[in-house]
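Below you'll find the structure, written out as C-alpha coordinates, and then a few comments.
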Amino acid sequence: MADDRMDAIVVGAGPAGITAARELATAGLSTVVLERGQFPGSKNVWGGILYREPTEAIIPGFEAEAPLERPIIEQRYMLLSFDAAMTASYKSMRFAEEPYNAYTAFRGDFDQWYAAKAEEEGVEVYPEFTVTDLLWEDGAVVGVTTGDAEGELYANVVVLADGANSLLGQRAGLHEEWQPDEQALVAKETLRLDATKIEERFNLPAGKGTALEIFGESTWGMLGYGFIYTNKDSLSIGTGALLSDLITSGRNVNDMLDRFKAHPAIVPLIEGAESEEYSAHLIPEGGYNRLPRFYADGVVMVGDAAGLVNPLNREGANLAMLSGKFAGMAIIEATECGDFSATGLARYRELLEESFVVKDLYKIRHMTDFAHDRPWLFGEYPELISEAARRYLTVSGQPKASVQKDILKLFGGVPKKRLLGDAVGALRVIKG
Ligand SMILES: Cc1cc2nc3c(=O)[nH]c(=O)nc-3n(C[C@H](O)[C@H](O)[C@H](O)COP(=O)(O)OP(=O)(O)OC[C@H]3O[C@@H](n4cnc5c(N)ncnc54)[C@H](O)[C@@H]3O)c2cc1C
(Lines give C-alpha, C1' and ligand atoms only; values in the text may rest on other atoms or scores of the structure.)
Protein backbone atom coordinates (compact mmCIF):
# COMPACT_ATOMS: atom_id res chain seq x y z
CA MET A 1 0.00 0.00 0.00
CA ALA A 2 1.12 3.58 -0.68
CA ASP A 3 2.91 5.36 2.16
CA ASP A 4 1.09 8.61 1.53
CA ARG A 5 -2.07 7.36 3.13
CA MET A 6 -4.33 10.06 4.58
CA ASP A 7 -6.29 9.97 7.78
CA ALA A 8 -9.63 10.01 5.99
CA ILE A 9 -11.26 10.17 2.59
CA VAL A 10 -14.85 11.38 2.45
CA VAL A 11 -16.96 10.42 -0.58
CA GLY A 12 -19.63 13.05 -1.25
CA ALA A 13 -19.77 16.78 -0.48
CA GLY A 14 -23.35 16.92 0.81
CA PRO A 15 -24.14 18.07 4.38
CA ALA A 16 -23.08 14.69 5.85
CA GLY A 17 -19.72 14.50 4.08
CA ILE A 18 -18.75 18.12 4.63
CA THR A 19 -19.62 17.96 8.33
CA ALA A 20 -17.56 14.78 8.81
CA ALA A 21 -14.63 16.38 6.98
CA ARG A 22 -14.82 19.59 9.05
CA GLU A 23 -14.80 17.60 12.28
CA LEU A 24 -11.71 15.69 11.15
CA ALA A 25 -9.82 18.66 9.72
CA THR A 26 -10.47 20.73 12.85
CA ALA A 27 -8.79 17.97 14.87
CA GLY A 28 -5.77 18.20 12.53
CA LEU A 29 -6.47 14.98 10.59
CA SER A 30 -5.59 15.01 6.89
CA THR A 31 -8.91 14.75 5.04
CA VAL A 32 -10.07 15.04 1.45
CA VAL A 33 -13.62 15.15 0.12
CA LEU A 34 -14.27 13.70 -3.35
CA GLU A 35 -17.43 14.94 -5.05
CA ARG A 36 -18.72 13.73 -8.40
CA GLY A 37 -20.62 16.95 -9.16
CA GLN A 38 -19.17 19.99 -10.94
CA PHE A 39 -19.32 21.73 -7.57
CA PRO A 40 -20.74 20.72 -4.16
CA GLY A 41 -24.52 20.89 -4.37
CA SER A 42 -24.66 20.81 -8.17
CA LYS A 43 -26.26 17.35 -8.12
CA ASN A 44 -28.17 17.68 -4.89
CA VAL A 45 -31.92 17.96 -4.47
CA TRP A 46 -34.19 18.62 -1.56
CA GLY A 47 -37.49 20.29 -0.78
CA GLY A 48 -35.78 23.06 1.05
CA ILE A 49 -36.44 23.27 4.79
CA LEU A 50 -33.36 23.77 6.95
CA TYR A 51 -33.96 23.70 10.71
CA ARG A 52 -32.13 26.44 12.59
CA GLU A 53 -31.31 24.90 15.96
CA PRO A 54 -29.66 21.66 14.77
CA THR A 55 -27.82 23.60 12.06
CA GLU A 56 -26.61 26.18 14.58
CA ALA A 57 -25.28 23.33 16.74
CA ILE A 58 -23.13 22.16 13.82
CA ILE A 59 -22.32 25.52 12.17
CA PRO A 60 -22.44 28.24 14.86
CA GLY A 61 -23.44 31.63 13.44
CA PHE A 62 -24.53 30.18 10.07
CA GLU A 63 -27.50 32.55 9.77
CA ALA A 64 -25.23 35.54 9.28
CA GLU A 65 -23.35 33.95 6.37
CA ALA A 66 -25.27 31.12 4.75
CA PRO A 67 -27.36 31.68 1.60
CA LEU A 68 -30.86 31.35 3.05
CA GLU A 69 -34.20 32.18 1.44
CA ARG A 70 -37.10 32.87 3.85
CA PRO A 71 -37.61 32.11 7.54
CA ILE A 72 -40.61 29.79 7.83
CA ILE A 73 -43.33 31.18 10.08
CA GLU A 74 -46.16 28.85 9.17
CA GLN A 75 -46.77 25.15 8.61
CA ARG A 76 -49.80 24.25 6.52
CA TYR A 77 -51.23 20.79 5.89
CA MET A 78 -53.61 20.24 3.00
CA LEU A 79 -55.70 17.21 2.13
CA LEU A 80 -56.70 17.11 -1.53
CA SER A 81 -59.59 15.19 -3.03
CA PHE A 82 -60.01 15.25 -6.82
CA ASP A 83 -61.67 18.69 -6.81
CA ALA A 84 -61.40 20.07 -3.26
CA ALA A 85 -58.93 20.94 -0.52
CA MET A 86 -59.07 20.94 3.27
CA THR A 87 -56.39 22.91 5.04
CA ALA A 88 -55.05 23.11 8.58
CA SER A 89 -52.34 25.55 9.49
CA TYR A 90 -50.19 26.71 12.35
CA LYS A 91 -48.82 30.22 12.03
CA SER A 92 -46.94 31.60 14.97
CA MET A 93 -45.69 35.12 15.48
CA ARG A 94 -43.01 33.51 17.62
CA PHE A 95 -41.79 31.73 14.49
CA ALA A 96 -41.73 35.18 12.86
CA GLU A 97 -39.20 36.48 15.35
CA GLU A 98 -35.56 35.61 15.82
CA PRO A 99 -34.38 33.03 16.62
CA TYR A 100 -36.34 31.48 13.76
CA ASN A 101 -37.32 27.84 13.71
CA ALA A 102 -36.50 27.05 10.09
CA TYR A 103 -35.52 28.54 6.73
CA THR A 104 -35.91 27.63 3.11
CA ALA A 105 -32.65 27.26 1.20
CA PHE A 106 -31.37 25.94 -2.12
CA ARG A 107 -28.98 23.02 -2.00
CA GLY A 108 -26.84 24.32 -4.87
CA ASP A 109 -26.19 27.54 -2.93
CA PHE A 110 -26.04 26.09 0.58
CA ASP A 111 -23.77 23.13 -0.20
CA GLN A 112 -21.37 25.33 -2.15
CA TRP A 113 -21.20 27.82 0.71
CA TYR A 114 -20.78 25.04 3.29
CA ALA A 115 -17.98 23.35 1.32
CA ALA A 116 -16.17 26.70 0.95
CA LYS A 117 -16.42 27.16 4.71
CA ALA A 118 -14.93 23.70 5.24
CA GLU A 119 -12.07 24.59 2.90
CA GLU A 120 -11.30 27.64 5.04
CA GLU A 121 -11.05 25.21 7.96
CA GLY A 122 -8.49 23.02 6.18
CA VAL A 123 -10.65 20.50 4.32
CA GLU A 124 -9.62 19.75 0.73
CA VAL A 125 -12.65 19.40 -1.53
CA TYR A 126 -12.21 17.95 -5.03
CA PRO A 127 -15.23 18.28 -7.32
CA GLU A 128 -15.60 16.18 -10.48
CA PHE A 129 -14.10 13.10 -8.82
CA THR A 130 -16.45 10.14 -9.00
CA VAL A 131 -15.44 7.29 -6.76
CA THR A 132 -16.13 4.09 -8.64
CA ASP A 133 -14.97 1.53 -6.10
CA LEU A 134 -13.31 0.82 -2.78
CA LEU A 135 -9.78 -0.50 -2.26
CA TRP A 136 -9.31 -3.43 0.09
CA GLU A 137 -6.52 -5.06 2.06
CA ASP A 138 -6.99 -8.12 4.28
CA GLY A 139 -10.76 -7.63 4.32
CA ALA A 140 -10.56 -3.97 5.38
CA VAL A 141 -11.37 -0.91 3.27
CA VAL A 142 -8.12 1.05 2.80
CA GLY A 143 -9.03 3.57 0.11
CA VAL A 144 -11.02 4.46 -2.98
CA THR A 145 -10.50 4.54 -6.70
CA THR A 146 -11.87 6.73 -9.44
CA GLY A 147 -11.31 3.98 -11.95
CA ASP A 148 -7.68 4.32 -13.01
CA ALA A 149 -4.28 3.80 -11.35
CA GLU A 150 -3.73 7.55 -10.76
CA GLY A 151 -7.15 7.70 -9.19
CA GLU A 152 -6.25 5.41 -6.30
CA LEU A 153 -6.21 7.11 -2.91
CA TYR A 154 -5.48 5.48 0.43
CA ALA A 155 -6.65 6.40 3.94
CA ASN A 156 -7.09 4.93 7.39
CA VAL A 157 -10.85 5.38 7.11
CA VAL A 158 -13.24 6.01 4.21
CA VAL A 159 -16.43 7.92 5.02
CA LEU A 160 -19.27 7.02 2.67
CA ALA A 161 -21.41 10.15 2.37
CA ASP A 162 -22.59 9.42 -1.16
CA GLY A 163 -26.29 9.88 -0.48
CA ALA A 164 -29.42 7.82 -1.09
CA ASN A 165 -28.94 4.50 -2.85
CA SER A 166 -25.25 4.38 -1.89
CA LEU A 167 -23.64 1.89 -4.23
CA LEU A 168 -20.40 2.07 -2.28
CA GLY A 169 -22.20 1.08 0.94
CA GLN A 170 -23.35 -2.02 -0.88
CA ARG A 171 -19.80 -2.71 -2.10
CA ALA A 172 -18.57 -2.32 1.49
CA GLY A 173 -21.07 -5.01 2.52
CA LEU A 174 -22.94 -2.61 4.81
CA HIS A 175 -26.29 -3.30 3.16
CA GLU A 176 -27.94 -5.29 0.39
CA GLU A 177 -29.27 -3.57 -2.69
CA TRP A 178 -32.00 -1.16 -1.49
CA GLN A 179 -35.47 -2.43 -2.38
CA PRO A 180 -38.17 -0.29 -4.11
CA ASP A 181 -40.25 -0.23 -0.91
CA GLU A 182 -37.29 1.30 0.94
CA GLN A 183 -36.97 4.39 -1.28
CA ALA A 184 -39.30 7.18 -2.34
CA LEU A 185 -38.84 8.95 -5.66
CA VAL A 186 -39.66 12.66 -5.68
CA ALA A 187 -39.93 15.14 -8.57
CA LYS A 188 -39.24 18.76 -7.72
CA GLU A 189 -39.54 21.97 -9.69
CA THR A 190 -38.46 25.51 -8.89
CA LEU A 191 -40.99 28.06 -10.14
CA ARG A 192 -39.95 31.71 -10.43
CA LEU A 193 -42.54 34.10 -8.96
CA ASP A 194 -42.28 37.72 -7.74
CA ALA A 195 -41.77 38.12 -3.99
CA THR A 196 -44.86 40.34 -3.68
CA LYS A 197 -47.04 37.76 -5.46
CA ILE A 198 -45.74 35.05 -3.11
CA GLU A 199 -46.61 37.19 -0.12
CA GLU A 200 -50.10 38.01 -1.47
CA ARG A 201 -50.95 34.46 -2.44
CA PHE A 202 -49.68 32.87 0.75
CA ASN A 203 -50.78 35.72 3.05
CA LEU A 204 -47.27 36.35 4.37
CA PRO A 205 -45.48 39.37 5.83
CA ALA A 206 -42.66 40.66 3.59
CA GLY A 207 -39.67 38.34 3.58
CA LYS A 208 -41.32 35.57 5.59
CA GLY A 209 -42.24 32.12 4.34
CA THR A 210 -44.57 29.16 4.60
CA ALA A 211 -44.27 25.40 4.21
CA LEU A 212 -47.15 23.42 2.77
CA GLU A 213 -47.38 19.65 2.95
CA ILE A 214 -50.12 18.20 0.79
CA PHE A 215 -51.64 14.70 0.93
CA GLY A 216 -54.17 12.70 -1.06
CA GLU A 217 -54.55 13.66 -4.73
CA SER A 218 -51.11 15.32 -4.68
CA THR A 219 -49.65 11.80 -4.91
CA TRP A 220 -52.43 10.23 -6.97
CA GLY A 221 -53.61 8.65 -3.73
CA MET A 222 -50.31 6.87 -3.08
CA LEU A 223 -48.23 6.85 0.10
CA GLY A 224 -46.19 10.05 -0.02
CA TYR A 225 -46.83 13.76 -0.09
CA GLY A 226 -46.62 16.86 -2.18
CA PHE A 227 -45.06 20.10 -0.96
CA ILE A 228 -44.82 23.80 -1.74
CA TYR A 229 -42.19 25.88 0.04
CA THR A 230 -41.71 29.60 -0.47
CA ASN A 231 -38.30 31.02 -1.37
CA LYS A 232 -37.40 34.70 -1.82
CA ASP A 233 -38.75 34.94 -5.34
CA SER A 234 -39.58 31.39 -6.25
CA LEU A 235 -41.57 28.39 -5.08
CA SER A 236 -40.26 24.88 -4.60
CA ILE A 237 -42.97 22.41 -5.55
CA GLY A 238 -42.67 18.66 -5.54
CA THR A 239 -44.37 15.35 -5.09
CA GLY A 240 -43.35 11.74 -4.79
CA ALA A 241 -44.23 8.28 -3.61
CA LEU A 242 -42.66 4.99 -2.64
CA LEU A 243 -40.81 3.54 -5.62
CA SER A 244 -42.59 0.20 -5.21
CA ASP A 245 -46.00 1.89 -5.51
CA LEU A 246 -44.89 3.83 -8.57
CA ILE A 247 -43.69 0.61 -10.20
CA THR A 248 -46.85 -1.33 -9.33
CA SER A 249 -49.17 1.45 -10.49
CA GLY A 250 -47.16 2.11 -13.65
CA ARG A 251 -47.20 5.83 -12.83
CA ASN A 252 -44.26 8.18 -12.89
CA VAL A 253 -43.39 11.19 -10.77
CA ASN A 254 -43.20 13.61 -13.72
CA ASP A 255 -46.85 12.97 -14.57
CA MET A 256 -47.67 13.08 -10.86
CA LEU A 257 -46.13 16.53 -10.54
CA ASP A 258 -47.96 17.81 -13.65
CA ARG A 259 -51.24 16.49 -12.28
CA PHE A 260 -50.55 18.02 -8.86
CA LYS A 261 -49.78 21.43 -10.43
CA ALA A 262 -53.05 21.28 -12.39
CA HIS A 263 -55.21 20.70 -9.29
CA PRO A 264 -57.79 23.50 -8.84
CA ALA A 265 -56.50 24.24 -5.31
CA ILE A 266 -52.88 24.50 -6.50
CA VAL A 267 -53.31 26.42 -9.76
CA PRO A 268 -54.05 29.82 -8.08
CA LEU A 269 -50.88 29.48 -5.98
CA ILE A 270 -48.53 28.89 -8.91
CA GLU A 271 -50.32 30.65 -11.78
CA GLY A 272 -47.95 32.69 -13.97
CA ALA A 273 -44.85 31.24 -12.26
CA GLU A 274 -42.08 30.24 -14.63
CA SER A 275 -40.33 26.92 -14.46
CA GLU A 276 -36.68 27.42 -13.67
CA GLU A 277 -35.33 24.02 -12.69
CA TYR A 278 -36.57 20.45 -12.63
CA SER A 279 -35.05 17.49 -10.82
CA ALA A 280 -35.89 14.11 -9.34
CA HIS A 281 -34.22 12.31 -6.46
CA LEU A 282 -34.54 9.32 -4.16
CA ILE A 283 -35.22 9.56 -0.43
CA PRO A 284 -34.38 6.60 1.84
CA GLU A 285 -37.62 5.42 3.50
CA GLY A 286 -36.60 2.13 5.06
CA GLY A 287 -36.63 3.63 8.55
CA TYR A 288 -35.38 2.05 11.74
CA ASN A 289 -36.32 -1.54 10.86
CA ARG A 290 -34.13 -1.50 7.77
CA LEU A 291 -31.17 0.54 8.92
CA PRO A 292 -27.93 -0.82 7.46
CA ARG A 293 -24.73 -1.56 9.35
CA PHE A 294 -23.11 1.83 9.89
CA TYR A 295 -19.47 0.76 9.83
CA ALA A 296 -17.02 -2.03 9.09
CA ASP A 297 -13.24 -2.36 9.02
CA GLY A 298 -11.89 0.94 7.64
CA VAL A 299 -15.24 2.40 6.62
CA VAL A 300 -18.21 4.31 8.07
CA MET A 301 -21.45 5.38 6.37
CA VAL A 302 -23.30 8.64 7.12
CA GLY A 303 -26.41 10.63 6.16
CA ASP A 304 -28.75 9.38 3.45
CA ALA A 305 -26.27 6.64 2.53
CA ALA A 306 -26.96 5.19 6.00
CA GLY A 307 -30.75 5.63 5.64
CA LEU A 308 -30.87 8.39 8.27
CA VAL A 309 -34.04 10.24 7.24
CA ASN A 310 -37.10 11.02 9.34
CA PRO A 311 -39.91 11.40 6.77
CA LEU A 312 -42.58 12.22 9.35
CA ASN A 313 -40.78 15.35 10.53
CA ARG A 314 -39.18 16.15 7.16
CA GLU A 315 -35.71 15.84 8.67
CA GLY A 316 -32.80 14.72 6.52
CA ALA A 317 -30.13 17.39 6.25
CA ASN A 318 -29.87 17.83 10.04
CA LEU A 319 -29.55 14.07 10.59
CA ALA A 320 -26.96 13.96 7.82
CA MET A 321 -24.90 16.71 9.50
CA LEU A 322 -25.13 15.16 12.95
CA SER A 323 -24.19 11.70 11.69
CA GLY A 324 -21.23 13.28 9.86
CA LYS A 325 -20.13 14.92 13.09
CA PHE A 326 -20.45 11.63 15.03
CA ALA A 327 -18.50 9.76 12.35
CA GLY A 328 -15.76 12.39 12.60
CA MET A 329 -15.67 12.07 16.40
CA ALA A 330 -15.44 8.26 16.20
CA ILE A 331 -12.63 8.43 13.63
CA ILE A 332 -10.70 10.87 15.84
CA GLU A 333 -10.97 8.38 18.75
CA ALA A 334 -9.98 5.50 16.46
CA THR A 335 -6.95 7.51 15.31
CA GLU A 336 -5.90 8.12 18.91
CA CYS A 337 -6.08 4.34 19.53
CA GLY A 338 -4.61 3.45 16.13
CA ASP A 339 -7.48 1.00 15.62
CA PHE A 340 -9.45 1.44 12.38
CA SER A 341 -11.17 -1.93 12.53
CA ALA A 342 -14.93 -2.22 13.09
CA THR A 343 -14.19 -2.51 16.81
CA GLY A 344 -12.22 0.73 16.74
CA LEU A 345 -15.04 2.52 14.88
CA ALA A 346 -17.93 1.14 16.98
CA ARG A 347 -18.17 4.43 18.88
CA TYR A 348 -19.94 5.86 15.81
CA ARG A 349 -22.98 3.63 16.31
CA GLU A 350 -22.99 4.36 20.05
CA LEU A 351 -23.07 8.11 19.40
CA LEU A 352 -25.93 7.71 16.93
CA GLU A 353 -27.89 5.56 19.36
CA GLU A 354 -27.34 7.92 22.29
CA SER A 355 -28.63 10.87 20.23
CA PHE A 356 -32.13 11.69 19.00
CA VAL A 357 -31.20 10.40 15.54
CA VAL A 358 -31.74 6.68 16.14
CA LYS A 359 -34.24 7.27 18.99
CA ASP A 360 -36.55 9.26 16.68
CA LEU A 361 -36.29 6.68 13.91
CA TYR A 362 -37.13 3.97 16.44
CA LYS A 363 -40.18 5.92 17.62
CA ILE A 364 -41.69 6.04 14.11
CA ARG A 365 -40.51 2.55 13.12
CA HIS A 366 -44.06 1.31 12.34
CA MET A 367 -45.10 4.35 10.31
CA THR A 368 -44.22 3.42 6.73
CA ASP A 369 -45.53 -0.15 7.02
CA PHE A 370 -48.72 1.10 8.71
CA ALA A 371 -49.44 3.61 5.95
CA HIS A 372 -48.30 1.33 3.15
CA ASP A 373 -50.58 -1.51 4.27
CA ARG A 374 -53.57 0.90 4.07
CA PRO A 375 -53.77 2.32 0.53
CA TRP A 376 -57.19 3.78 1.35
CA LEU A 377 -55.62 6.37 3.72
CA PHE A 378 -54.38 8.54 0.84
CA GLY A 379 -57.01 7.63 -1.78
CA GLU A 380 -60.45 6.61 -0.51
CA TYR A 381 -60.47 8.51 2.80
CA PRO A 382 -59.65 12.01 1.42
CA GLU A 383 -62.51 11.60 -1.09
CA LEU A 384 -64.93 10.49 1.65
CA ILE A 385 -63.93 13.29 4.02
CA SER A 386 -64.18 15.85 1.24
CA GLU A 387 -67.65 14.63 0.22
CA ALA A 388 -68.79 14.68 3.86
CA ALA A 389 -67.55 18.27 4.23
CA ARG A 390 -69.24 19.30 0.97
CA ARG A 391 -72.57 17.85 2.08
CA TYR A 392 -72.30 19.33 5.57
CA LEU A 393 -71.52 22.80 4.23
CA THR A 394 -74.12 22.77 1.44
CA VAL A 395 -77.18 24.75 2.60
CA SER A 396 -80.35 23.47 1.01
CA GLY A 397 -83.95 22.78 1.93
CA GLN A 398 -82.92 19.36 3.33
CA PRO A 399 -83.32 19.12 7.14
CA LYS A 400 -79.95 18.96 8.94
CA ALA A 401 -80.80 15.61 10.61
CA SER A 402 -81.29 14.01 7.22
CA VAL A 403 -78.03 15.59 5.93
CA GLN A 404 -76.19 14.06 8.88
CA LYS A 405 -77.77 10.66 8.20
CA ASP A 406 -76.61 10.88 4.59
CA ILE A 407 -73.11 11.72 5.73
CA LEU A 408 -73.04 8.73 8.08
CA LYS A 409 -74.30 6.54 5.23
CA LEU A 410 -71.30 7.69 3.19
CA PHE A 411 -69.02 6.05 5.72
CA GLY A 412 -71.29 3.00 5.96
CA GLY A 413 -69.41 1.47 3.05
CA VAL A 414 -66.21 1.38 5.09
CA PRO A 415 -65.97 -1.82 7.18
CA LYS A 416 -66.16 -0.88 10.89
CA LYS A 417 -63.37 -3.31 11.70
CA ARG A 418 -61.14 -1.49 9.24
CA LEU A 419 -61.94 1.94 10.69
CA LEU A 420 -61.21 0.65 14.18
CA GLY A 421 -57.99 -0.99 13.01
CA ASP A 422 -56.89 2.26 11.36
CA ALA A 423 -57.57 4.27 14.52
CA VAL A 424 -55.79 1.80 16.83
CA GLY A 425 -52.91 1.43 14.37
CA ALA A 426 -52.49 5.21 14.06
CA LEU A 427 -52.34 5.53 17.86
CA ARG A 428 -49.73 2.77 17.99
CA VAL A 429 -47.62 4.56 15.36
CA ILE A 430 -47.84 7.87 17.23
CA LYS A 431 -47.06 6.26 20.59
CA GLY A 432 -44.06 4.47 19.08
C1 LIG B 1 -37.18 15.99 -2.85
C2 LIG B 1 -36.49 15.98 -1.51
C3 LIG B 1 -36.93 16.83 -0.52
C4 LIG B 1 -36.25 16.89 0.71
N5 LIG B 1 -36.62 17.84 1.61
C6 LIG B 1 -35.90 17.98 2.75
C7 LIG B 1 -36.16 19.05 3.62
O8 LIG B 1 -37.01 19.91 3.35
N9 LIG B 1 -35.43 19.15 4.76
C10 LIG B 1 -34.45 18.23 5.07
O11 LIG B 1 -33.79 18.37 6.12
N12 LIG B 1 -34.18 17.20 4.24
C13 LIG B 1 -34.86 17.07 3.09
N14 LIG B 1 -34.56 16.06 2.21
C15 LIG B 1 -33.51 15.09 2.59
C16 LIG B 1 -32.12 15.70 2.47
O17 LIG B 1 -31.96 16.28 1.20
C18 LIG B 1 -31.09 14.60 2.68
O19 LIG B 1 -31.38 13.91 3.86
C20 LIG B 1 -29.68 15.17 2.79
O21 LIG B 1 -29.35 15.85 1.62
C22 LIG B 1 -28.68 14.05 3.00
O23 LIG B 1 -27.38 14.58 2.92
P24 LIG B 1 -26.16 13.64 2.51
O25 LIG B 1 -24.95 14.48 2.62
O26 LIG B 1 -26.24 12.37 3.26
O27 LIG B 1 -26.43 13.24 1.00
P28 LIG B 1 -26.54 14.15 -0.30
O29 LIG B 1 -26.96 15.50 0.04
O30 LIG B 1 -27.35 13.38 -1.28
O31 LIG B 1 -25.03 14.24 -0.81
C32 LIG B 1 -24.37 13.13 -1.38
C33 LIG B 1 -23.24 13.67 -2.21
O34 LIG B 1 -22.43 12.58 -2.66
C35 LIG B 1 -22.08 12.80 -4.02
N36 LIG B 1 -21.77 11.47 -4.58
C37 LIG B 1 -22.61 10.43 -4.75
N38 LIG B 1 -21.95 9.36 -5.25
C39 LIG B 1 -20.66 9.75 -5.38
C40 LIG B 1 -19.49 9.10 -5.84
N41 LIG B 1 -19.52 7.81 -6.24
N42 LIG B 1 -18.33 9.78 -5.87
C43 LIG B 1 -18.28 11.10 -5.45
N44 LIG B 1 -19.36 11.75 -5.00
C45 LIG B 1 -20.53 11.09 -4.96
C46 LIG B 1 -23.33 13.46 -4.60
O47 LIG B 1 -23.06 14.15 -5.80
C48 LIG B 1 -23.73 14.39 -3.46
O49 LIG B 1 -23.08 15.63 -3.54
C50 LIG B 1 -35.19 15.99 0.97
C51 LIG B 1 -34.77 15.09 -0.04
C52 LIG B 1 -35.39 15.10 -1.27
C53 LIG B 1 -34.89 14.16 -2.33
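Laid out as a table, the results:
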{"read-out": "Meets criteria (in contact (Cβ under 8 Å) with a residue 12 or more places away in the chain, near the ligand (Cβ under 8 Å from one of its atoms) and over 15 Å from VAL159 (Cα atoms)) for ILE270", "value": "no"}
{"read-out": "Enumeration of residues in region 152-166 that are touching a helix residue (DSSP H, G or I) at 6+ places or on another chain (Cβ under 8 Å) and more than 13 Å from the ligand (Cβ to nearest atom)", "value": "ASN156, VAL157"}
{"read-out": "Residue among PHE39, PHE62 that alone is of a type in the set (Phe, Trp, Tyr) and within 29 Å of GLY169 (Cα to Cα)", "value": "PHE39"}
{"read-out": "Some residue of region 313-323 being at pLDDT below 95, closer than 30 Å to ILE18 by Cα, of a type in the set (Lys, Arg) and surrounded by 12 or more Cβ atoms within 10 Å (Cβ to Cβ)", "value": "yes"}
{"read-out": "Residue among LEU345, LEU408, LEU352 that alone is among the aliphatic types (A, V, I, L, M), more than 27 Å from TYR225 (Cα to Cα) and modelled with pLDDT under 95", "value": "LEU408"}
{"read-out": "Qualifying residue in region 154-166 (condition: of a type in the set (D, E, K, R) and within 23 Å of ALA115 (Cα to Cα))", "value": "yes"}
{"read-out": "Residue list for region 118-151, filter: within 16 Å of the ligand (Cβ to nearest atom), in contact (Cβ under 8 Å) with a residue 24 or more places away in the chain and surrounded by fewer than 16 Cβ atoms within 10 Å (Cβ to Cβ)", "value": "GLU124, TYR126, GLU128, THR130, ASP133"}
{"read-out": "Complete set of residues in region 276-312 that are crowded, with 24+ Cβ neighbours inside 10 Å and among the aromatic types (Phe, Trp, Tyr)", "value": "PHE294, TYR295"}
{"read-out": "Checklist (1) at pLDDT 95 or above; (2) within 30 Å of SER341 (Cα to Cα); (3) surrounded by fewer than 20 Cβ atoms within 10 Å (Cβ to Cβ); (4) away from the ligand (no atom under 11 Å from the Cβ) applied to ARG5, failing item", "value": "(1)"}
{"read-out": "Matching residues, region 309-325, being more than 7 Å from the ligand (Cβ to nearest atom) and charged (D, E, K, R)", "value": "LYS325"}
{"read-out": "Whichever residue in region 249-289 is within 27 Å of PRO375 (Cβ to Cβ) and part of a strand (DSSP E or B) and, among such residues, is nearest to the chain's Cα centre (by Cα)", "value": "ILE283"}
{"read-out": "Among (1) surrounded by 17 or more Cβ atoms within 10 Å (Cβ to Cβ); (2) within 13 Å of the ligand (Cβ to nearest atom); (3) at negative phi - the single one SER42 does not satisfy", "value": "(1)"}
{"read-out": "Residue that is surrounded by fewer than 16 Cβ atoms within 10 Å (Cβ to Cβ), more than 10 Å from the ligand (Cβ to nearest atom) and not small (Gly, Ala, Ser), where the choices are GLU53, GLU63, GLU23", "value": "GLU53"}
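Table: residues versus (1) within 30 Å of GLU74 (Cα to Cα); (2) in contact (Cβ under 8 Å) with a residue 12 or more places away in the chain; (3) hydrophobic (A, V, I, L, M, F, W, C).
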residue	(1), (2), (3)
VAL157	no, yes, yes
LEU160	no, yes, yes
GLY163	yes, yes, no
ALA172	no, yes, yes
GLU176	no, no, no
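The values are calculated or read from the model by the stated rules, or taken from the named source; none is laboratory data. Only a predicted model underlies this, so the values are computations on that prediction, with no experimental measurement involved. Positions of Cβ are generated from backbone atoms using ideal geometry, with glycine treated the same way; all protein chains shown enter the neighbour counts.
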